[in-house]
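K.L.:
I have a structure I would like to understand better, so I am pasting it below and will then ask my questions one at a time.
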Amino acid sequence: MTVGVLALQGAFREHRQRLEQLGAGVREVRLPADLAGLSGLILPGGESTTMVRLLGEYGLWAPLRDFHASGGALWGTCAGAILLASEVTGGSPSLPPQPGLGLLDITVQRNAFGRQADSFTAPLDVEGLETPFPAVFIRAPVITRVGEAVRALAQVGGQTVHVQQGRVLASSFHPELTNDTRLHRLFLALAGERAY
Ligand SMILES: NC(=O)CC[C@H](N)C(=O)O
């Protein structure tokens with residue numbers, strides 16, 4: 001089984017390392033053709049406005065939606081979670097709303113923890129894990145609305161930060177920046193359910 005990491009910008013190398021630590025085959029994805037034969041794809045953290053622009057330049061919007069429709073698992077972390085959302089808030093009021101892939105029925109608010117709590121690490125209780133996960137938040141978004149089909153799996157201070165809808169996972173934090181590989185392992189299990 002091979003999984004991909006979207007490698008346009010951001011923390012894709014760290015995701016790659018975690019996946020390789022677990023023995024998974026990993027491919028960096030930059031072009032539509034790179035998606036062929038993958039079981040899952042991680043969209044990393046970074047800067048979502050930049051990634052939105054690059055998705056257009058590399059012609060990836062429709063291929064990513066097709067990848068999802070054909071059963072590929074997706075996991076967006078931080079900026080990647082913003083890319084997956086059906087609605088994005090928290091951008092500049094003078095700009096049109098930032099577009100998303102719309103593969104996850106959530107509203108996500110960018111930079112939601114404000115300046116004072118710009119970056120922090122919190123032990124996070126995640127449904128499905130026996131002990132807390134050390135979650136690193138960096139100018140993180142929060143999920144302010146979850147659709148009926150979406151399960152909220154973790155919260156910080158009453159804010160939802162980790163969700164699942166079918167074969168799509170999204171996390172507000174950076175799971176690739178710690179040595180804890182449990183969430184990557186769960187993602188590989190989800191991706192492995194794809195039949196080839
Ligand atoms: N660490 C991150 O991925 C930050 C996300 C960034 N604030 C954005 O809106 O895209």
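The values are calculated or read from the model by the stated rules, or taken from the named source; none is laboratory data. Every value quoted in this text rests on a predicted model; they were computed, and no experiment measured them. Methodologically, a virtual Cβ is constructed for each residue, glycine included, from the backbone with ideal geometry; neighbour enumeration extends over all protein chains shown. The protein model used for the area step is the full one, side chains on, heavy atoms only, and it has no ligands, DNA or RNA in it. Shrake-Rupley method; radii C 1.70, N 1.55, O 1.52, S 1.80 Å.
K.L.:
Could you derive backbone 3J(HN,Hα) for the range 149-159 from the dihedral phi with the Karplus parameters 6.51, -1.76 and 1.60 (θ = phi - 60°), listing whole Hz in sequence and x where the residue is Gly or Pro?
P.N.:
The phi angles translate into 7, 9, 9, 7, 10, 7, 9, 10, x, x, 9 Hz.
K.L.:
For the range 2-192, take the convex hull of the Cα atoms, compute a quarter of its surface area, and give me that in nm², please. Can you show the working numbers first?
P.N.:
On the way: hull surface 39.8 nm².
With the hull built on Cα positions only, its mean projection is 10.0 nm².
K.L.:
Give the residue from Gly147, Ala170, Pro132 lying farthest towards the positive end of the charge dipole for the range 128-196; charges sit on Cβ (+1 for Lys and Arg, -1 for Asp and Glu) and the dipole is referred to the Cα centre.
P.N.:
Positive-end residue among those listed: Gly147.
K.L.:
Still on this structure: How much length is gained if the chain between Arg65 and Leu31 is pulled fully straight, taking 0.36 nm per residue apart and subtracting their Cα-Cα distance, in nm to one decimal?
P.N.:
In short, 10.9 nm is gained.
K.L.:
Starting from 0.36 nm per residue, how many nanometres of slack lie between Gln9 and Ser86 once their C-alpha separation is accounted for? Could you put the intermediate results ahead of the total?
P.N.:
Values: separation 77, 0.36 × 77 = 27.72 nm, distance 2.12 nm.
Between Gln9 and Ser86, full extension yields 25.6 nm more.
K.L.:
While we're here: If the elastic network links every pair of Cα atoms under 10 Å, which of Pro97, Pro44, Pro141 fluctuates the most in the Gaussian network model of the chain?
P.N.:
Checking each option, the largest mean-square fluctuation is seen for Pro97.
K.L.:
Also, quick follow-up: Using unit Cβ charges (K, R positive; D, E negative) and no other charged atoms, how large, in debye to the nearest 20, is the dipole of the chain about its Cα centre? Present the calculation step by step, with values, prior to reporting the outcome.
P.N.:
Numbers: 16 positive and 17 negative charges, 40 e Å.
Computed about the Cα centre, the dipole is about 200 debye.
K.L.:
Turning to a different aspect of this structure: I need the phi-derived Karplus couplings for the range 34-42: 6.51 cos²θ - 1.76 cosθ + 1.60, θ = phi - 60°, integer Hz, Gly and Pro marked x.
P.N.:
5, 7, 4, x, 7, 8, x, 9, 9
K.L.:
Under a 1.4 Å probe, what is the accessible area of the range 2-192 per residue, stated in Å²?
P.N.:
Details: 8130 Å² over 191 residues.
Result: 43 Å² per residue.
K.L.:
Here's another thing I want to ask about it. Report the residues of the range 133-167 in range of a label on Asn111: point 7 Å along Cα→C-beta, backbone N strictly under 11 Å from it.
P.N.:
139-140
K.L.:
Which residues in the range 99-142 have a backbone N closer than 12 Å to a point placed 7 Å from the Cα of Arg185 along the Cα-to-Cβ line?
P.N.:
Backbone N within reach: 129-131.
K.L.:
Quick check: at a probe of 1.4 Å, how many percent of the accessible area of the chain sits on carbon and sulfur atoms? All intermediate terms of the calculation are to be shown ahead of the outcome.
P.N.:
Numbers: 4340 of 8670 Å².
It is 50 percent, rounded to a whole number.
K.L.:
Over the chain, what is the percentage of antiparallel beta bridges among all DSSP beta bridges, to the nearest 5? Intermediate values should be presented prior to the final figure.
P.N.:
Details: 20 of 40 bridges.
For the chain, the DSSP antiparallel bridge percentage is about 50.
K.L.:
Can you order the peptides 4-17, 78-91 by their average number of other Cβ atoms within 10 Å per residue, highest first?
P.N.:
Descending mean neighbour count gives 78-91, 4-17.
K.L.:
Quick one: putting +1 on the C-beta of Lys and Arg, -1 on the C-beta of Asp and Glu, what dipole do you get for the range 1-72 around its Cα centre, in Debye to the nearest 20?
P.N.:
Numbers: 7 positive and 7 negative charges, 10 e Å.
In debye, rounded to 20, the range 1-72 gives about 40.
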